[in-house]
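Written below as structure tokens is the structure these notes are about.
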Amino acid sequence: MVEVKQMVLDDVQWQCISKCRNGLCLNQSIDQSYVLRCDMKRSLLNKDLQKTCEFIIHIPSAPETLPLIPLKFLISPESLQNVPENVEVPVLRARGELSATQCSLGCPLTGWLTLERCDLPLRSIELQLIRVETCGCAEGYGKELSEVQRVQVVDGEVCRGLPILLHMHLPRLFTCSTLNTSTFKIEFELNIIIVLKDDHMITENFPLKLVRN
């Protein structure tokens, strides 16, 4: 027997549910999922068997080619922001390029990074995908940041001047197309994190626009 409950949604809530599977900052916790359940009735002395399996529905649409606009970047002490005055930033220079900041959810995020100079030993270079949810009301706006995934692309030292390929697949269960309404936003950001041996952490942030096509 299936119990069906009805609820009234406004336009903003419906956009959120249709674009995002879970993790919504709404007044009610909503999880949209599809599950197959199989029940096997057995004899009186045997326990009934039940098995469930969750699956994903993907509705193909007409192919749409996104314009790939590469973004070149330079990471140096001069380009960093929000650095405390009493913190000495090590001498570091890295340049690279992201293939695009407007990405299709079905395609990986790619690019390259070259470490030209670093006076301190290198520990790792990582890519961090951040999900930013903003919810507004009469009292103001609240913002919540959560890490979707982190990918380590370098472990230990690297040769200076050697291009390092960047590659990250977007997880389909925890990402959605970018949503921007008057009272609710779902946005994504990419952090390139350079970790040095003395626990110095240098982060460069890039806003992303994700599109489902």
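Worth a mention:
- 3J(HN,Hα) couplings calculated from phi for the stretch 97-108 with the Karplus curve 6.51 cos²θ - 1.76 cosθ + 1.60 (θ = phi - 60°) are, in sequence order, 8, 9, 4, 5, 9, 10, 10, 7, 5, x, 10, x Hz; Gly and Pro show x.
- Mean sequence separation of contacting Cα pairs (under 8 Å, at least six apart), scaled by the length of the stretch 71-211, corresponds to a relative contact order of 27 percent.
- Shape class of the stretch 96-152 from the alpha-carbon gyration tensor: prolate, with a/c at 1.5 or above and a/b greater than b/c.
- Distant-in-sequence amide contacts of THR101, defined by a placed amide H-H separation under 5 Å and a gap of 5 or more residues or a different chain, comprise ILE69.
- What the phi angles of the stretch 37-47 give under the Karplus curve with 6.51, -1.76 and 1.60, with θ = phi - 60°, is a coupling list of 10, 10, 10, 10, 7, 10, 5, 4, 8, 10, 7 Hz, glycine and proline written as x.
- Close amide H contacts of VAL148 (hydrogens built in the peptide plane, cut-off under 5 Å, sequence separation of 5 or more or a different chain): LEU129, ILE130, ARG131.
- For the stretch 99-124 versus the stretch 144-191, the gap between their alpha-carbon centres in whole angstrom: 10 Å
- The stretch 128-134 - phi-based ³J(HN,Hα) in whole Hz, Karplus 6.51/-1.76/1.60, Gly and Pro as x: 10, 9, 10, 9, 10, 10, 10
We did not get these values from a lab; they are worked out from the coordinates using the rules stated. Worth saying up front: this structure is predicted, and the values here are computed from it rather than measured.
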